[in-house]
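Asker: Before I ask anything, let me first share the structure, which is written out below as structure tokens.
The values are calculated or read from the model by the stated rules, or taken from the named source; none is laboratory data. Everything quoted here is computed from the prediction, not taken from an experiment. Cβ coordinates were reconstructed from backbone atoms using ideal geometry, including for glycine residues, and neighbour counts include every protein chain displayed. Just the protein is used for accessible areas: all its heavy atoms, side chains included, with ligands, DNA and RNA removed. Shrake-Rupley method; radii C 1.70, N 1.55, O 1.52, S 1.80 Å.
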Amino acid sequence: MTTSVLLVDDHEVVRKGIRSLLSLTDDFEVVGEAAGGAEAIELARDLAPDLIVIDLMMPDVDGVEAIRAIKSLSPRSAIAVLTSTDQDDLAFAAIEAGAQSLLFKSMLGDELLATLRRIAAGEAVIHPFVAQRILKAVRRKREPREDPSPA
């Protein structure tokens, strides 16, 4: 079975590189490319791809807003964030918006292919660096807070 893929990144060289990598396999078919969030939303609605690989930092509609809109238009599409930013607020917002995976562009090609296969099979994959920060944030929320008022 072939997984249909929509690539979303404002850098053409990144999109072409991922397209080239995926073209070496029989299990992925790139059905569209978008250079920004607004275009991604339209293509996701029209194509309903199995998998969307999206960056967070884009000039028009950012990745988080695009993910939120895409999940409402194409809820069955798996969304994998592939980014170079390590900003906690963006990573957490992307997951809250509906991304099931968060990966970094520093991944090697074979590692990216294997990870995209796992995501296409329904797994959630979060880079260990981000997963560690998510765990810390969740634990901070669970810690008892000191009462600032005097006794």
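Asker: Residues to consider are A35, A91, A48; find the one that is at positive phi and in contact (Cβ under 8 Å) with a residue 12 or more places away in the chain.
Answerer: Among A35, A91, A48, only A48 is at positive phi and in contact (Cβ under 8 Å) with a residue 12 or more places away in the chain.
Asker: Here's another thing I want to ask about it. I'd like the residue in the stretch 27-46 that is in a helix (DSSP H, G or I) and not small (G, A, S) and, out of all such residues, is nearest to the chain's Cα centre (by Cα).
Answerer: I41
Asker: Moving on. If I ask for residues that are closer than 22 Å to L112 by Cβ and surrounded by 18 or more Cβ atoms within 10 Å (Cβ to Cβ), which ones from the stretch 40-61 would you list?
Answerer: Once the filter is applied, which keeps residues that are closer than 22 Å to L112 by Cβ and surrounded by 18 or more Cβ atoms within 10 Å (Cβ to Cβ), the stretch 40-61 yields A40, L43, A44, P49, D50, L51, I52, V53, I54, D55, L56, M58.
Asker: What tally of residues in the stretch 1-26 results from selecting those that are part of a strand (DSSP E or B) and of a type in the set (S, T, Y)?
Answerer: Here the count works out to 2.
Asker: Residue by residue through the stretch 7-39, note down the ones that are of a type in the set (D, E), in contact with a strand residue (DSSP E or B) (Cβ under 8 Å, 6 or more places away or on another chain) and surrounded by fewer than 14 Cβ atoms within 10 Å (Cβ to Cβ).
Answerer: Of everything in the stretch 7-39, just one residue is of a type in the set (D, E), in contact with a strand residue (DSSP E or B) (Cβ under 8 Å, 6 or more places away or on another chain) and surrounded by fewer than 14 Cβ atoms within 10 Å (Cβ to Cβ), namely D27.
Asker: Here is a further query. Name the single residue that is farthest from V125 (Cα to Cα) among those in the stretch 79-92 being in contact with a Gly (Cβ under 9 Å, 6 or more places away or on another chain) and open to solvent by less than 10 Å² (accessible area, probe 1.4 Å).
Answerer: Filtering the stretch 79-92 for residues that are in contact with a Gly (Cβ under 9 Å, 6 or more places away or on another chain) and open to solvent by less than 10 Å² (accessible area, probe 1.4 Å), the one farthest from V125 (Cα to Cα) comes out as T83.
Asker: I need the full set of residues from the stretch 97-127 which are among the small types (G, A, S), without any contact (Cβ under 8 Å) to a residue 40 or more places away in the chain and surrounded by fewer than 15 Cβ atoms within 10 Å (Cβ to Cβ), in order please.
Answerer: S106, A114, A121, A124
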